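Visitor: Okay, handing you the structure first.
The values are calculated or read from the model by the stated rules, or taken from the named source; none is laboratory data. Everything numeric in this text was worked out from a predicted model, so none of it was measured. Heads up, the Cβs are rebuilt from the backbone with ideal geometry, glycines too, and the neighbour counts pull from every protein chain shown.
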Amino acid sequence: MFYGNSYEQWLIAVAIAAGSVLVSRLFYFISTKGIKRIFDREKTRFMHITIDMLEEPLAMLIVIFGIYYAQRRLVFPEGVDAKVDQAATFVVILVITWALARLLNDLISEFLVPIIEKSDSKLDDQLLPFLRKGATALIWTLGVIIALDNVGYNVQTIIAGLGIGGLAFAFAAQETIANFFGGVTVFVDAPFVIGDRIKIAGYDGWVREMGIRTAKLETLDGRRLTMPNSFFSKNVIENVTSEPATRFIQTIGLSCDQSSAKIERAMELIKQMEIGHEGLEDRSTAWFSGVGTSSWDLTVVYWIKKGADYAGTISTANVALVRALETEGIQFSLPMNVIIKAKE
């Protein structure tokens, strides 16, 4: 005898537990290689996904019930069986919760994500991570509460304690909560969507990702910035993408030894050069803005079309500008320093 049970009883219990593991593996193999293949993924997607997501939790439940049955064949001191019942109930509920969370997450990926990808609105793309994580958190919270309730814990006391603890946590995590509601504000007000170029507090770049607590901004030089969501609710946001065209202003200086006719010709050439340029709108213009220290100053304004290569368009337009002025013999004003040395 060993702990009130014969060696034969112990061997049978161990064999049942080991057998449940083998049955579990056999069930998983049959499900993967047989049952799941019966339901074609294209024609019966829901059944295919359901079997795929539930086969692992079901295999685990087979092992749990096998171990539970093996324990029931043995004799233990009073109170042990009750504790085992509570532990088995707790674990079974958590496994069921795990199965439901897996199933919901995969159903969202399979059915909801394609619908969102076809939608013209980008707001639902931003809300999807919240929906996925929020649904998973809700299922696990309910599962844990139900599991604790079934093993004899006073759930009302736990919830009340969580309320007091949550209040204390709220004070300690004010910044995190501010970031969360900052993200909610962005989703509700929609000052931008993922992929938009924005300017905020001196930063200029494209919004690449929007999370529960932070957002990822890619600057013009390709660097990634991680910003807290509360940053967006505290600062003015300029949405560059929403503008119909981007304005670029520069001043060029012409040599002072040139006539007014050449200044007028230069402005005319600049306007003609910009018309028909694939990256510029026809309203790009130039005017005589004043007399510089050693030049006639022309202000040139490019209106770069939405979606055009910003830097490439400016570069191409400037090269065309220089070429047009050189063709007409119009010279730029170049800075010159004259050094006069006194005689000894």
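Visitor: Just one of Ser295, Ser233, Ser255 is over 22 Å from Ala201 (Cα atoms), small (Gly, Ala, Ser) and without any contact (Cβ under 8 Å) to a residue 60 or more places away in the chain; which is it? Break it down into steps so the answer makes sense when it comes.
Guide: Working: Ser233 fails: over 22 Å from Ala201 (Cα atoms); Ser255 fails: without any contact (Cβ under 8 Å) to a residue 60 or more places away in the chain.
Result of the check over Ser295, Ser233, Ser255: Ser295.
Visitor: Another one. I'm checking my understanding of the structure. Among residues of region 219-268 that are in a loop (DSSP other than H, G, I, E, B) and polar (S, T, N, Q), which one is surrounded by the most Cβ atoms within 10 Å (Cβ to Cβ)?
Guide: Asn229
Visitor: Go through the residues of region 288-298 one by one and say whether even a single one is more than 30 Å from Asp196 (Cβ to Cβ), part of a helix (DSSP H, G or I) and aliphatic (A, V, I, L, M). Spell out how you get there, then give the answer.
Guide: Going through region 288-298, the residues more than 30 Å from Asp196 (Cβ to Cβ) turn out to be 288-298.
Add one more test, that the residue is part of a helix (DSSP H, G or I), and what stays is none.
The answer is no; no qualifying residue exists.
Visitor: Look at Ile67 and say whether it is crowded, with 17+ Cβ neighbours inside 10 Å and either hydroxyl-bearing (Ser, Thr, Tyr) or not in a loop (DSSP other than H, G, I, E, B) (or both).
Guide: Taking the combined requirement at face value, the residue satisfies it.
Visitor: Give just the number: which of (1) out of contact with any Leu (no Cβ under 7 Å at 6 or more places or on another chain); (2) over 29 Å from Asp204 (Cα atoms); (3) not polar (S, T, N, Q) does Arg283 not satisfy?
Guide: (2)
Visitor: May I pose another question? Only one of Gly166, Gly182, Gly143, Gly152 is at pLDDT below 65 and not assigned by TED's automatic domain parsing to the domain that holds Asn235; which? First the steps, then the outcome.
Guide: On the way: Gly182 fails: at pLDDT below 65; Gly143 fails: at pLDDT below 65; Gly152 fails: at pLDDT below 65.
None of the other options fit; the residue is Gly166.
Visitor: Also, quick follow-up: Restricting attention to region 231-276, and to residues there that are farther than 23 Å from Trp303 by Cβ and of a type in the set (A, V, I, L, M, F, W, C), which single residue is modelled with the highest pLDDT?
Guide: Ala261
Visitor: Looking at the structure I just gave you, is Ala320 closer than 21 Å to Ala245 by Cβ, under 42 Å from the mean Cα position of the chain (by Cα) and not in a loop (DSSP other than H, G, I, E, B)?
Guide: Yes.
Visitor: Could you tell me whether Ala172 is small (Gly, Ala, Ser), touching a strand residue (DSSP E or B) at 6+ places or on another chain (Cβ under 9 Å) and modelled with pLDDT under 70?
Guide: Spelling it out, it is not the case that Ala172 is small (Gly, Ala, Ser), touching a strand residue (DSSP E or B) at 6+ places or on another chain (Cβ under 9 Å) and modelled with pLDDT under 70.
Visitor: Please specify each residue of region 190-218 satisfying the condition of being among the acidic types (Asp, Glu) and assigned to a strand (DSSP E or B).
Guide: Asp204, Glu209, Glu218
Visitor: Let me ask you something else. Tell me yes or no: at least one residue of region 197-207 is at pLDDT below 85, surrounded by 14 or more Cβ atoms within 10 Å (Cβ to Cβ) and under 14 Å from the mean Cα position of the chain (by Cα).
Guide: Within region 197-207 (the criterion being at pLDDT below 85, surrounded by 14 or more Cβ atoms within 10 Å (Cβ to Cβ) and under 14 Å from the mean Cα position of the chain (by Cα)), the answer is no, since none of the residues qualifies.
Visitor: What do you reckon, is Leu103 more than 21 Å from the chain's Cα centre (by Cα), at pLDDT 70 or above and either of a type in the set (A, V, I, L, M, F, W, C) or not in a helix (DSSP H, G or I) (or both)?
Guide: Details: more than 21 Å from the chain's Cα centre (by Cα): yes; at pLDDT 70 or above: yes; either of a type in the set (A, V, I, L, M, F, W, C) or not in a helix (DSSP H, G or I) (or both): yes.
Criteria met by Leu103.
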